[in-house]
Structures are given as structure tokens and as C-alpha cells.
Amino acid sequence: MSDIDKLNKMINQSNNIVFFGGAGVSTESGIPDFRSVDGLYRKKYKYNPEEILSHHFFINNTKEFYEFYFDKMIYKDVLPNDCHKKLVELEKVGKLKAIITQNIDNLHSKAGSQNIYQLHGTINDNYCMLCNNYYDLNYMIYHRKNLICSCGGIIKPDVVLYEEPLNDNIVNDAIKAIKNADMLIIGGTSLNVFPAASLIDFFNGKYLVVINKDKTSCDNLADLVINDNIGSIFKQIKIA
């Protein structure tokens with residue numbers, strides 16, 4: 001039996017599937033990841049990208065933060081790929097109960113998925129740090145040279161920067177979803193980003209599947225490991 005046949009069999013035998021995804025889900029839509037050979041972290045800037053994407057840098061060097069942010073983090077016109085689309089199908093037939101994503105690009109929402117836990121936030125939502133007034137992505141792009149709220153506060157993207165904690169409510173809901181799942185599909189992530197990666201430890205269901213181009217730290221625990229592009233694998237999923 002091929003790996004695709006095994007995957008399809010597991011999916012069709014499951015009724016509470018959770019998908020846990022990372023940067024590899026977005027790269028096939030044209031968004032570069034941070035840790036691959038060609039990722040943003042391998043390129044040189046005036047400051048180290050990890051420093052730029054930290055809370056203290058945002059507060060102390062807001063202008064430089066936004067220069068990098070709009071140049072390297074905003075991909076407004078990218079479209080969902082085969083992975084995003086198949087997840088929508090799985091949700092519509094009632095098999096997929098939740099998507100837990102480390103990505104901030106909002107592509108799962110753009111594809112049409114409903115139950116999404118965005119561990120690291122999203123570029124689509126932005127708030128004033130003083131009055132909490134909301135600004136969408138279109139506003140941010142149009143006013144990128146002057147991102148100051150009418151009250152005088154700095155507008156900050158609702159993304160989790162280094163030195164910032166994850167949202168407790170989102171984390172708790174994600175853990176609950178994983179605990180209740182009978183199948184957990186881990187896709188497009190190296191599982192090197194913590195504390196997000198530690199959430200998979202709460203899985204006690206029947207099928208654990210890893211789909212990633214490279215090896216991960218939980219391959220030895222998985223019932224099925226497929227080292228391939230996640231979009232091409234998801235395109236072959238057949239829902240009974």
C-alpha cells in the first residue's frame with residue numbers, strides 16, 4: 001500500500017481531525033520561510049531578522065521594524081494552495097475540526113476555513129497600543145509611512161513577536177482540540193519553534209501523521225511519515 005493510500009485510509013477512518021501546520025504550508029503559495037536555505041534568516045540585513053522581529057526592537061526602532069515588515073512579511077496578493085483548499089473540503093464534510101497554524105499570512109481564512117487557531121497572530125489584524133482601535137491590512141499598507149493612531153498611539157500588527165507570549169485563550173483552545181482529536185496531521189513544520197511545537201504532546205488519538213520535506217523531531221512517534229511537498233500530497237487526498 002502506498003503512503004497516499006495509507007493516508008487516505010486513515011482520513012476516511014477518522015472523524016475528528018486536527019491539522020497543525022507551519023511555514024511549509026505557505027511556501028508553496030510563494031511566501032518564503034525563515035529557516036530554510038533560502039529563507040529570510042539566511043539573508044543579510046542591517047539588523048538580524050530575529051532582532052527586528054522582537055518586541056524591544058518594535059518599541060525602540062518602529063520605523064526600521066516596519067521597513068522590514070512591509071518588505072519581507074507582507075504578501076497581500078498570494079493565493080491559497082492545494083493544502084489550504086483540501087483542508088476546507090475536509091472541514092466542510094465534517095472530518096476536520098480545527099486548524100492550528102504558526103503562520104501569520106491569513107491564507108487559511110482566505111481559502112475559506114472557519115475553525116482556525118492562529119498561534120502567532122495574523123497580519124490582517126492591527127491595533128493601537130494605546131486605545132486598541134482596530135486597523136485592517138489595507139489601511140496599514142496605504143498608511144505605511146505614518147502608522148500612528150488618531151489618539152497618538154503606535155499601531156502594532158497583531159502578530160506575536162519574539163519576547164512576547166502566545167495568547168493563552170488560543171493556546172488553551174488549541175490544546176483542547178488536539179486532546180479531542182482522533183487524528184493529528186502535522187504538516188509543513190520542522191517543529192523547532194517553541195512553545196508552539198510542544199502543543200502536539202497533548203495528542204492521544206489514533207493516527208499521528210507527519211508530512212514535511214525534512215525530518216522532524218516526532219517522526220519516530222508517527223504512524224505515517226511522508227517527506228514531500230505538502231500541497232502535492234494534499235491534492236491526492238480523496239474524501240470518501
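Could you grab me the full set of residues in segment 223-236 that are buried (at least 18 other Cβ atoms within 10 Å of the Cβ) and either in contact with a Lys or Arg (Cβ under 6 Å, 6 or more places away or on another chain) or in a helix (DSSP H, G or I) (or both)? Break it down into steps so the answer makes sense when it comes.
Initially, segment 223-236 is screened for residues buried (at least 18 other Cβ atoms within 10 Å of the Cβ), giving 225-226, 229-231, 233-234.
Result: ILE230, GLY231, ILE233, PHE234.
Give just the number: which of (1) open to solvent by 60 Å² or more (accessible area, probe 1.4 Å); (2) at pLDDT 90 or above does THR62 not satisfy?
Just one mismatch for THR62, condition (1).
Name the pairs whose Cβ atoms lie under 8 Å apart, with the first residue in segment 222-238 and in contact (Cβ under 8 Å) with a residue 40 or more places away in the chain and charged (D, E, K, R), the second surrounded by fewer than 18 Cβ atoms within 10 Å (Cβ to Cβ) and part of a helix (DSSP H, G or I), and 6 or more positions between them or separate chains?
LYS238/ASN8
Taking segment 97-119, which residues are part of a strand (DSSP E or B) and open to solvent by 10 Å² or more (accessible area, probe 1.4 Å)? Give the steps one after another, and end with the answer.
Narrowing segment 97-119 to residues part of a strand (DSSP E or B): 97-101, 116-118.
Those that are part of a strand (DSSP E or B) and open to solvent by 10 Å² or more (accessible area, probe 1.4 Å): LYS97, ILE116, TYR117, GLN118.
Please go through segment 179-201 and pick out each residue that is part of a helix (DSSP H, G or I) and under 16 Å from the mean Cα position of the chain (by Cα). Steps first, answer last, please.
Going residue by residue through segment 179-201, those that are part of a helix (DSSP H, G or I) are 179-180, 196-201.
Listed by number, the residues that qualify are ALA196, ALA197, SER198, LEU199, ILE200.
For ASN204, state whether it is touching a residue at least 24 places away in the same chain (Cβ under 8 Å) and part of a strand (DSSP E or B).
no
Restricting to segment 71-94, name every residue that is open to solvent by 20 Å² or more (accessible area, probe 1.4 Å) and either of a type in the set (Lys, Arg) or in a helix (DSSP H, G or I) (or both).
If the condition is that a residue be open to solvent by 20 Å² or more (accessible area, probe 1.4 Å) and either of a type in the set (Lys, Arg) or in a helix (DSSP H, G or I) (or both), then ASP71, LYS72, LYS76, ASP82, LYS85, LYS86, GLU89, GLU91, LYS92 are the ones that fit.
May I ask you to list the residues in segment 126-147 that are open to solvent by 40 Å² or more (accessible area, probe 1.4 Å) and either in contact with a helix residue (DSSP H, G or I) (Cβ under 9 Å, 6 or more places away or on another chain) or more than 19 Å from ASP71 (Cα to Cα) (or both)?
Within segment 126-147, the first condition is being open to solvent by 40 Å² or more (accessible area, probe 1.4 Å), and the residues that meet it are 127, 129-134, 136, 138-139, 141-146.
Answer for segment 126-147, where residues must be open to solvent by 40 Å² or more (accessible area, probe 1.4 Å) and either in contact with a helix residue (DSSP H, G or I) (Cβ under 9 Å, 6 or more places away or on another chain) or more than 19 Å from ASP71 (Cα to Cα) (or both): TYR127, MET129, LEU130, CYS131, ASN132, ASN133, TYR134, ILE141, ARG144, LYS145.
Between a first residue in segment 86-98 that is more than 14 Å from ILE178 (Cα to Cα) and a second residue that is basic (Lys, Arg) and open to solvent by 80 Å² or more (accessible area, probe 1.4 Å), which pairs have beta carbons less than 7 Å apart while being 6 or more apart in sequence or on different chains?
Close Cβ pairs (under 7 Å, with a partner that is basic (Lys, Arg) and open to solvent by 80 Å² or more (accessible area, probe 1.4 Å)) amount to LYS86/LYS235.
Please specify each residue of segment 99-142 satisfying the condition of being touching a Lys or Arg at 6+ places or on another chain (Cβ under 8 Å), within 21 Å of MET183 (Cβ to Cβ) and among the polar types (S, T, N, Q).
Of everything in segment 99-142, just one residue is touching a Lys or Arg at 6+ places or on another chain (Cβ under 8 Å), within 21 Å of MET183 (Cβ to Cβ) and among the polar types (S, T, N, Q), namely ASN115.
Of all residues in segment 169-211, which are closer than 17 Å to ASN103 by Cα and open to solvent by less than 20 Å² (accessible area, probe 1.4 Å)?
Once the filter is applied, which keeps residues that are closer than 17 Å to ASN103 by Cα and open to solvent by less than 20 Å² (accessible area, probe 1.4 Å), segment 169-211 yields ALA174, ILE185, ILE186, GLY187, GLY188, THR189, LEU191, ALA196, ALA197, LEU199, ILE211.
Can you find a residue that is open to solvent by 60 Å² or more (accessible area, probe 1.4 Å) and either more than 30 Å from PHE57 (Cα to Cα) or at pLDDT 95 or above (or both) anywhere in segment 150-160? Steps first, answer last, please.
Filtering segment 150-160 for residues open to solvent by 60 Å² or more (accessible area, probe 1.4 Å) gives 150-151, 158.
Filter again for either more than 30 Å from PHE57 (Cα to Cα) or at pLDDT 95 or above (or both), leaving 151, 158.
Looking for residues that are open to solvent by 60 Å² or more (accessible area, probe 1.4 Å) and either more than 30 Å from PHE57 (Cα to Cα) or at pLDDT 95 or above (or both), one finds at least one in segment 150-160, hence yes.
Do you know which residues across segment 21-43 are modelled with pLDDT of 80 or more and assigned to a loop (DSSP other than H, G, I, E, B)?
Applying the first criterion (modelled with pLDDT of 80 or more) to segment 21-43 yields 21-32.
Across segment 21-43, the qualifying residues are GLY22, GLU28, SER29, GLY30, ILE31, PRO32.
The values are calculated or read from the model by the stated rules, or taken from the named source; none is laboratory data. Remember, predicted model here, so these are calculated numbers, not experimental data. Cβ atoms come from the backbone with ideal geometry, glycine included; neighbour counts cover every protein chain shown. We work out accessible area using only protein heavy atoms, side chains counted, and drop any ligands, DNA or RNA first. Shrake-Rupley method; radii C 1.70, N 1.55, O 1.52, S 1.80 Å.
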